[in-house]
Structure formats: C-alpha cells, structure tokens
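*Asks:* Take a look at this one; I'll ask things after.
Coordinate-derived values only; no laboratory data. Here the structure is a predicted model, which means the values were calculated and not measured. As a convention, Cβ positions derive from the backbone with ideal geometry for all residues, glycine included, and neighbour counts pool all protein chains shown.
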Amino acid sequence: MRNRYGSVQRYCAVSLFAMLILLLVSACGRQAETDRPAYPDGVPFINYIETGDLSEIKKRGIIRFVNISGPEEDMLPRDSIVTLRSLELANKLAEKLKLEPQWVKADSPQQALELVQAGKADVAAYTLTDTPAHRELVDFTVPLMQARHKLVTGKDGPDINDPKRLHDVELIVHPGSSYVDTANRLLAELPQANLSIVKVATYENRDVLADLLNEKDNRVAILDDFIADDMRNYRDDVRIGANVSESENIAWAVRKDSKQLLATVNNFLTRNLVKAPNDRIANWKEIKQSGVIRFLTYNRPSVYYLWKGVLMGIDYDLAKAFADKHGLQLQVIVVPYDETLIDWLKAGRGDFAGALKNITQERIDQGIAFTTSYRETPEQVVSNRKKPKIEQVQDLAGRTLTLRAYSPFIATGRALERSGIDVNVEVAPPEMSIAEIVAKIAAGELDATIIDSDDILMAASLQADLLPGTLVSDPRPQGWMVMPQNRELLKKLDIFLAKYRKTEQYQQKIAAYFEPNKRFTQRVSARVIPGKDLSPYDELVKNSSVEHGFDWRLLVAQMWQESNFNPKAVSPVGAQGLMQVMPATGEEMGYPPPLFEPDRNIQAGVKYLHWVRDRFEPTLPTIEKLWFTLASYNAGYGHLLDARRLAAELGLDPNVWFGNVEVAMLKLSEPQYFTKARYGYVRGAEPAQYVRNISGLYNAYADIASGDISVHEPQPFFGAPTVTPPWRSQRQQP
C-alpha cells in the first residue's frame, strides 16, 4: 500500500507499560506456521512430496491445490460466472473425488508450477498461461479461456494505444509471470524507446498495482485482458490500451505423466465450463442451451456483497439456488449504482434482475414483468432519538422527510403531503444513498426519512441514535424482474420462489439478512466481578493464548461479543460455537465442523485470529495490528485492505484504527466509496462497533484479572495492561 503506510500516529492512549506487555506476549507466543493449515483434528498441515498419479493422491485422502491468493475470494465478482471461478471449481472437484482440499499459496505463477513439478502440490488451480516454456515443467489441462496481454496505465499515464508510441516508460510486471517475457520482447523490439522493467509482486492486492501506476505518469503495466477488465470494473483511474501478445490458452496444470489425474480434471472441466453469453434477450430454451443464466443486481446491503471472503445476500442466495436447481451456471452482473436494472434488462445484458425491488405499477409500465413476491416489508419512518418521537402519522407535522432519489418512498411521502399532514418532503441528491441519509439522521444533520422496515431494524441496532417510528404503508411485495416475452423463464421463477418460500432455508436467510444479531448488537453487559473467573472457559482460552501469542483476557472479551459464552450458539449465517467460527474457516484451520465442543472451537477461532494477524506488515504498531485483526475477523481481511486504502485517500492514517481506518470502514457502506473498492460494499458499522465493544470489555477485564498465565510452563507475570478505550482517552480525560 505505497510508502504512505510509513507514517505512524498514535491515536490510542496506551501506556508504555501496556505496549511492552502486548509486545512480549506476542513475541513469546509466536510460532513458525505454514500458510493457513487445513488438516484433520487441528494438526497443522505439513506439506509433503507426492509425485504419484491420482491413485496415489487418493491414498492420502487430500488433494493439494496451489494458487496465488489462498482459499479465499480475492475480490468481489462484478461480472463473472461466480460458479466457475477456479476456487469454487477446485473445491467442487475435490468433493467429486471425495478428497479433502488443501490450498497451498504461491508467490507467483512460476512458483505455483514449480510446486506442482516438485510434488508439493497436485493441481495448479489458477489462471495460468499455457506456454512452451511452462510445458517443460508441467502438463496443462483443457483451456479455461483464451487471453491476451494488454497495456494498462493510470489516468495520467502515457499513450498506450500502440506500443510503438511508448517512450521513457517503466514496464511494471509481476516476477515469475509470463508478463516478464512480454516485457523483455518489447525491450528487444523497441530498442530506441528507452524502456525499463520494474518487477513488483502485486498479485495479492491489485490495488497496489493501480496505485503504483498512478504515482508516476510514465508507468505501464502488462496484464491479462480479463484481469485488466476486472480492475476497470471498480477503478476509474486505470486505462486499458493495446494488445501486446497473441491470444494464448489459460488453463490449470498438473504434474507431467499424471495421466489419470489429467484425464479426470479435463473431464471435470469439460463438463462444467461454459462461456458467458453475449448481450441478448434469450428465452428459456436458449438459456438452457447456453448453460448460463445471467442475474443483474447491485452490490449493496442484504442483496449481494462479500463478507468474510464469502459471497452473500438474499437475492444472490436465491438466484444461485434457482440456477443450481436447473443445472445452470450463475453469472452475476453488478449494475453501476447510477444506472437502472430495468435499462440493463431491456438491453439484453441479463436474463433476470433483482435487488429487493418493490413490485410497482410504475416499474411495470416501463416494459418489464415481475415474478411472484419473495418478500414483503412495510415502509417505516426513522428519526434521531434526541428529537421528538414519530409514533403516529400525525407526529410528522412540522417535520422534514429526506427521501432517496428515484425511490418508491417518494410516492409515499407525496401521499402523506396530500393527506393534509403538514410534512415537508425533500428528495435527496441522486448521488446520496439510503445509507448516507440514515447516517446523517443519526448524526443529527437530517430530520427523518422513510425506508423499508427491516432496514431500519438493522440500522438502529448498529447506530444507537436512530429511532424507528411509525409505519407508513402496508407490507410492499418485492420480486425479480424479467422481460414480458420471456414467459417460460417467468413461470420457472414463479414456481421456484413459491416453493422456496415454504422451506426452512428461506426462513433462515430472512433471519440472517433482516433480523439484527442480538449477540452482536448488544451493549457490553458481561458480568465483571473481581476475584471470579471471567468465563467458564478461562483455562481453555489461556492454553490457546499462550500458543498463539494473545492476551487471554482479550480473547475472553471477544468470545463474549461473539457468543455470550454459549457453546451451542449458531449465527443466522451459520457461524458456530463460542468464537462463532464459520464451518469452512474451521475446516481450513484443521477443525472440521461441527464446532460446538468448546476446546476445539476456541482453538479454531484463535488459530484463525493468529493467521489473520500474521497477514499484516511487521512494522505495524502492535496495538493497531490488534484492532485491525479484530476488524478483519469480523468483516474479512479484504474489507480491511479497502478501508486502509480509503483512509489514505481521505488524508487519514492508514496505520491507525480508531478515528482513521475505522472512519474509512464506515464510509465503505456509501456508494461513492464502495463502488471503487475491490471488495465492494461492507456494512462498516458492524466491524466498527465490534472492535469498540471488545476494546471496552477488554479494558474492564484488564482492571480486575491478572494477565498471568500458569498453563503448560509458568509464564512471566507482566501485570495488567492499562489500555484506555480510545474514545475515552481523546474525549473524557481531564
């Protein structure tokens, strides 16, 4: 993240003694560990040499995939067939083979190939370029796609429409990639251009590459065309130029002479790979023939977003369930926030569309048809708690409603005006989102607004200054949109939605997306009694804290926040146990679900917390790394990266959480910021409140419980840290 992370400001008032404690605890507990272990019974994965074919791999019960990003989403898919990404395909292949997938992370494509060749991985499940040089190392599968290398530069970069126009340019390439070969060829072909090559490892965070391109006006990167297109989907400060290579196959790779494995992978890919269709208004028969159904939606709360590396949202979940039911691959297309789903649907850019859209006659009159309703919600007023309550419609007299532009709430507001109530209705600027309006109401900058009732419940649970008011409508039905002539698709969708609404899975999803998590949103109210155990699990926590280098009291505070010390707790999205570990995460940590046994759950959660902490740069101040780790545990590491980058753009300190990266995280719920973020929308109030709650409770625990630990071998006693909650240190000190 540029050199800008070099500046460090201390926002938290942490005593020098407390910092020493944190440093010592971290140092004495740190152990060398391989990348994200995933092995039965919690044993850290230790790689091995296996050069045999599929029959030998099966004897081990594990198939090792290697890629550059590890076992997580490396960005929010904005225009791709989500079921055909290498990560999901590889895990699906492992499931078909009844093998445990183990992900090995490489630093470059070249290293990935070398790991496969050396028997340290079985399949390179990544978008690798099939070249003669690479074929000397491995065998390639059937192509996933074809791609060309493109020139990419920043908004003020040089002319890249023709490589012959390049002069005095730095070519940015990733070491160990085929881009290096292309760069060397350009240097040989253009000896008078004074070109130079700069090798920068930027695979894990493409935003670093985009930032590098914009730092100097003579920098040009070489990228595959599909990677460049992905970047341009959310970065408006990059430009794509000329092709600088012939079309080449992009494929996976296996060891040479692994004929059985290669044939199995090829058969699997051939059955599953489909090509994304061009823009067209297709009927059901054509959709089935293509094998792909295209879903238009927005990246926004409860609809479609990335959370803890998992794609989520009610519309996304339902659309994927529909695609799975009919044996189709799902292509999700994120429509720009300032454009309408209806326009994109009518232009043939998708087959159906949805984003919690109310079924209205106004929309039907624009030439589309709605499915049967999959959800109903009334509209409700929300205001600031410090102002008079709006408990009935008459209480709106003399108040001002600021309503989202182009929303159905405007019609409701106008109807209230016509009913004779002296209410002032204002329409917000088009660029102002509902989240921004609600945030301004919480801050006292706006008076009140109207939004869906479920959204108010979620917002008010995270922002204490919001006060839900009177309902102003009957429940409004919400549905998906299709073109009227696509009758067969409409019929299929109606049948699916009608049946799905009767299932337990549907009720679970409604609870997950529209009902506040009481354990999360509660104010800190844990029992804090001097001389008593902090929890029933103190000794188990102490064991894990020693192994992974955390203050045990911090872990207990986090456990209270996650589960209220309930080992049987299950969140609406499926997180389990005391530390609310997602089943997939537990499996990656070496603890397959179920995760309700306290010791296994604590070990899985703390191991994951350790793994997240180790992803941050060593130079980051220890206390800030702690807050960043907690925020990442809650929302996901990718959203933390986005927030740090945004903090720097806003002139805040990207190395400090409270009042800096925390502020940026909150802004990532606003379209003007999340549309330009690699990982997209995040409900930023959740990680912000999460860290503050744990910080406050940790401080209370530190006041009454010793940091001394006498498990395994006696540990040195450092005393209790005097960590003052950051908001108190800045505002309440005399």
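*Asks:* Which entries in Lys150/Lys199; Lys98/Lys259; Lys59/Lys607; Lys357/Lys509 show an alpha-carbon gap greater than 26 Å?
*Replies:* Distance filter (> 26 Å) returns Lys59/Lys607.
*Asks:* With all pairs of different alpha carbon atoms counted, what Kirkwood hydrodynamic radius in Å does the range 379-473 show?
*Replies:* 12.9
*Asks:* Moving to a separate point now. For the residue pair Asp156 and Ile510, what label-to-label distance in nm results when each label sits 7 Å from Cα along the Cα-to-beta-carbon direction?
*Replies:* In this crude spin-label approximation the distance works out to 5.4 nm.
*Asks:* Provide the percentage of antiparallel DSSP beta bridges, counting only those with both residues in the chain; round to the nearest 5.
*Replies:* 60
*Asks:* Sorted by packing (mean other beta-carbon atoms within 10 Å per residue), highest first, where do 492-498, 190-196 land?
*Replies:* Packing proxy ranking, top to bottom: 492-498, 190-196.
*Asks:* Cβ neighbours within 10 Å, averaged per peptide: list 587-595, 423-431 in order, most packed at the top.
*Replies:* Sorting 587-595, 423-431 by mean packing, highest first, produces 587-595, 423-431.
*Asks:* Given R₀ = 45 Å, FRET efficiency for Asp422-Gln672 by Cβ-Cβ distance, to 0.05?
*Replies:* That pair, Asp422 with Gln672, gives E of 0.85.
*Asks:* Of the DSSP beta bridges with both residues in the range 149-245, give the percent that are antiparallel, rounding to the nearest 5.
*Replies:* 55
*Asks:* Now for a separate question. Any idea what diffusion coefficient the range 149-245 gets from Stokes-Einstein, in µm²/s, Kirkwood Rh on alpha carbon pairs, 4 °C, 1.567 mPa s?
*Replies:* Answer from the Stokes-Einstein relation: 100 µm²/s.
*Asks:* Estimate the FRET efficiency between Arg135 and Ser55 by the formula 1/(1 + (r/R0)^6), using the beta-carbon distance for r and 22 Å for R0, to the nearest 0.05.
*Replies:* 0.35
*Asks:* Further, regarding this structure: Please give the contour-minus-distance gain from Asn267 to Gln366: 0.36 nm per residue of separation, less the Cα-Cα distance, rounded to one decimal in nm.
*Replies:* This chain segment gains 31.1 nm when fully extended.
*Asks:* Which semi-axes, in whole Å and largest first, does the equivalent ellipsoid of the range 211-264 have when worked out from the alpha carbon gyration tensor as the square roots of 5 times its eigenvalues?
*Replies:* Listed largest to smallest, the semi-axes of the range 211-264 are 34, 12, 11 Å.
*Asks:* If you don't mind, another one. How high is the relative contact order of the range 194-294? Use alpha-carbon pairs under 8 Å, at least six apart in sequence, and give a whole percent.
*Replies:* Once normalised by length, the contact order is 13 percent.
*Asks:* Hey, for a label at Leu187 modelled as a point 7 Å past Cα toward Cβ, could you say which residues of the range 236-250 have their backbone N under 19 Å away?
*Replies:* 244-245
*Asks:* Moving on. Given 0.36 nm per residue, what is the gain on full extension from Ala347 to Val198 after removing their alpha carbon distance, in nm?
*Replies:* So the extension gain works out to 49.4 nm.
*Asks:* Could you go through the range 232-243 in sequence order and give the Karplus-derived ³J(HN,Hα) for each residue, using 6.51 cos²θ - 1.76 cosθ + 1.60 with θ = phi - 60°, rounded to whole Hz, and x for Gly and Pro?
*Replies:* 5, 5, 10, 10, 8, 10, 10, 10, 10, x, 6, 6
*Asks:* Determine ³J(HN,Hα), in whole Hz, for all residues of the range 114-120 in sequence, where each value follows from phi through the Karplus function 6.51 cos²θ - 1.76 cosθ + 1.60 and θ = phi - 60°; x replaces Gly and Pro.
*Replies:* 5, 5, 5, 4, 7, x, 9
*Asks:* Same structure, new question: Using 0.36 nm per residue, how much length does the chain from Arg487 to Phe226 gain when fully extended, once their Cα-Cα distance is taken away?
*Replies:* 90.6 nm
*Asks:* Calculate one ³J(HN,Hα) per residue across the range 694-706 by plugging θ = phi - 60° into the Karplus curve 6.51 cos²θ - 1.76 cosθ + 1.60, and present them in order as whole Hz with x for glycine and proline.
*Replies:* Result, rounded to whole Hz: 5, 4, x, 6, 4, 4, 5, 5, 5, 6, 10, 10, 6.
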